[in-house]
Structure formats: C-alpha cells, structure tokens
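Asks: To start, I am sharing the structure in question, which I have written as structure tokens.
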Amino acid sequence: MPRPAVGWWRGLALCLPLLVVGCATHLSTSDAPAITQSGPRPDVDFRRLSPRPYTPPDWPEALEARVLLPDTPGEARRPAALLVHGGGWQRRTPDDMTAIAERLARRGYVTINVAYRFAPEYRFPAQLEDLEQAVAWIHERAEAWRIDTARLVGVGYSSGAHLVSLLALTGESGRLAAVLAGGLPSDLMKFDDGRLVVEFIGGTRAEKPQAYRQASPITHVDADAPPHFLFHGRWDTLVPVDHATDFHAALEAHGVVSELYLQHYRGHFTSFLLRDGAIEAGLAFLDRQLHDD
C-alpha cells in the first residue's frame, strides 16, 4: 500500500488538539452577553483547614467537610461555595472537587467541599438532608469565617450537580444564591429504570413515580429559582444533553437567569475532565450574580 502523504499526518496532528480542546455553544438568558467573563483579578492565598464533621453526633453517618479559607484582607464578609462531588449517588469522594474548590478559594470564596451518604444503603431524600445540614452548619460558622450567607452558591457535577440544584430549588435552611452545575440529571423520569437511579430512589418509575418527580430538579422550577449556569457535553450518553437543554428552557420560561454552555465532542466523563473553559465561564457567571467586582 502507498504511504500516506506527510501533509495528511501533519494535518491530523494539527486537528487532534482542536478536537480535544473542542468548542462550545454558550446560551444566556441574562442581560449580560454570555461570552463576557470577569476581568483579570489577582489570585489570593488560602488556608486549608483539617477535615471536620459537619453532621451532629446523632446523624445516621458521620460526614466531613473540607474547608478552604481565602486570605482576603479586612473584615468584609466573603462569598462561599458548597461543593458536591458526583459518582451516581453511591461512590467517589470530595477529592474530585478539590481543584475547583481551590480555584474558587483563589477568587475569594470560602469553599466547603462535602461528603454525603451513599445509595443504596441510604436512599433519597437522605442525600438532600445531608446538604441541608451542611448549609445549616455553614450558617452557624458564618461569623467566624466571615461568610456572607446571602452569597452562598452551590457547585457540583453529575449527581453532585443534581443535589446542589435540588437543594437550591427546595432548600429549607436558606436557598442558594446561584448554582454552577455540570452534567446535571435534571429529570429522573427520563431514565429507563437504570440501576443507579433505581437504587437511589428505591424503586422503579412505575413503583415510585411521586418520588421520581420529587427528586427531579426540573419539577421544582419556578420564578423564585436561583440563577443557574449549566455545562454539559453534547456527546453525553449517560446523562443525555436534553437534561440540560430542557432544564435551561424551563428556567428561561420562568424568567430565571440561566446560561447553558454546551461542550462539543464531549461525553459525560470528558465533559468533567476537560472542563476548564466551562468552569471559567461559570465562575464569571457566579461573579455577575453575586455582584462581586
């Protein structure tokens, strides 16, 4: 067989990085252009506290939070971020969110990166109750850590995104000011009774339809929903992209500020692994919502 032309290989070598980096479609319902990002700002140092329990002694399982405190001068209150990892509601650890937590801390956010109870041993709404407890715990420490509780946001990916969005829409301990969510399963009724969802809820859609609706963020969208920044891979087969597009449309229909950052050539896992552009756009979104100049 004849050898391929050298130019063909060079062309492929040039195209592969572009495919990996990819590009994105960025849709916005806010007045600010979706592509606008906050200007350069100096990073701040931060202090890492030792992991500490955020649940009371009588909680069904002891759960820890990892806290980063930015070294911002003065006595002014700072924004804070509650971070929740993914893993199908039954695996992974807060380690997955460490890099994002550090990025937020360098921008002046107090970050609280939490563990939560896993299915199938603990079923919905146990995980949501854990996050409610985490929010109450943060409020109790707001003065000591100089947190402005009116500027507490939620950040998560996959099942973590599901939990922070659900918390933001239904939370009783004080609603979140905004959400940055990637790979969000927004409507559990869309899944074909897959193992992870069935074990999370404790039954199939036919057996527990009300629980499926109650556990679906899209069910709770109304005009009081907090702003959401959503990022999602167009090639996601685990959580198909219509979870993001339909949820964005529901927020838009209720007049809620929302941005949708669709990552081309990305599946569920590569959307998180190659997330830098989405996270930077999401942080700019959070800055605008919190008026944090």
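None of the figures in this text is laboratory data; all of them are computed from the coordinates on show. Computed from a predicted model, the values in this text were never measured in an experiment. Note that we place each Cβ from the backbone using ideal geometry, even for glycine, and neighbour counts take in every protein chain shown.
Asks: From the phi angles alone, apply the Karplus equation (6.51, -1.76, 1.60; θ = phi - 60°) to segment 59-64 and give each ³J(HN,Hα) in whole Hz, x where the residue is Gly or Pro.
Replies: 5, x, 8, 6, 10, 10
Asks: Using θ = phi - 60° and the Karplus form 6.51 cos²θ - 1.76 cosθ + 1.60, what ³J(HN,Hα) does each residue of segment 252-260 get, whole Hz, x for Gly and Pro?
Replies: Residue by residue, segment 252-260 yields 4, 5, 9, x, 8, 5, 8, 10, 10 Hz.
Asks: Counting pairs of alpha carbon atoms under 8 Å apart in space and at least six apart in sequence, what relative contact order in percent does segment 45-290 give? Present the calculation step by step, with values, prior to reporting the outcome.
Replies: Details: 513 pairs, mean separation 39.5, N = 246.
Computed value for segment 45-290: 16 percent relative contact order.
Asks: Once you have a ≥ b ≥ c as the square roots of the Cα gyration tensor eigenvalues for the chain, tell me rounded if a/c is under 1.5, and otherwise prolate or oblate according to whether a/b is larger than b/c.
Replies: Taking the square roots of the gyration eigenvalues as a ≥ b ≥ c, the chain is oblate.
Asks: Using a ≥ b ≥ c from the Cα gyration tensor of segment 68-155 (square roots of the eigenvalues), is it rounded, prolate or oblate, where a/c under 1.5 gives rounded and otherwise the larger of a/b and b/c decides, a/b for prolate?
Replies: It is oblate, given that a/c is not under 1.5 and a/b is not larger than b/c.
Asks: Within the chain, what's the longest run with no GluC sites (Glu not before Pro) in a DSSP loop and at most 11 other beta-carbon atoms within 10 Å? Give the range, please.
Replies: Excluding the exposed sites themselves, the longest stretch runs over 173-293.
Asks: Now for a separate question. Need one number: % antiparallel among DSSP beta bridges in the chain, to the nearest 5. Could the numbers behind the result be given before it?
Replies: Numbers: 14 of 40 bridges.
Rounded to the nearest five, the antiparallel share is 35 percent.
Asks: Can you compute 3J(HN,Hα) from phi for each residue in segment 123-130, using the Karplus curve 6.51 cos²θ - 1.76 cosθ + 1.60 with θ = phi - 60°, rounded to whole Hz and x for Gly and Pro?
Replies: Once θ is set to phi - 60°, the couplings for segment 123-130 become 9, 3, x, 3, 5, 5, 5, 4 Hz.
Asks: Taking amide hydrogens as modeled 1.01 Å from N in the peptide plane, which residues meet the under 5 Å criterion relative to Phe46, leaving out close sequence neighbours?
Replies: Counting only residues 5 or more places away or on other chains, the set is Asp71.
Asks: Among Leu68, His220, Gly203, whose Cα projects farthest towards the positive end of the dipole of segment 45-290, with charges put on the beta-carbon of Lys, Arg (+1) and Asp, Glu (-1)?
Replies: Going by the charge dipole, the pick is Leu68.
Asks: Residue separation times 0.36 nm, minus the C-alpha to C-alpha distance between Arg52 and Glu252: what's the value? Let's see the in-between values first.
Replies: Details: separation 200, 0.36 × 200 = 72.00 nm, distance 3.86 nm.
Gain on stretching Arg52 to Glu252: 68.1 nm.
Asks: Shifting gears a bit: Among rounded, prolate and oblate, which fits segment 173-293 when a ≥ b ≥ c are the square roots of the eigenvalues of its C-alpha gyration tensor, a/c under 1.5 means rounded, and a/b larger than b/c means prolate?
Replies: Oblate.
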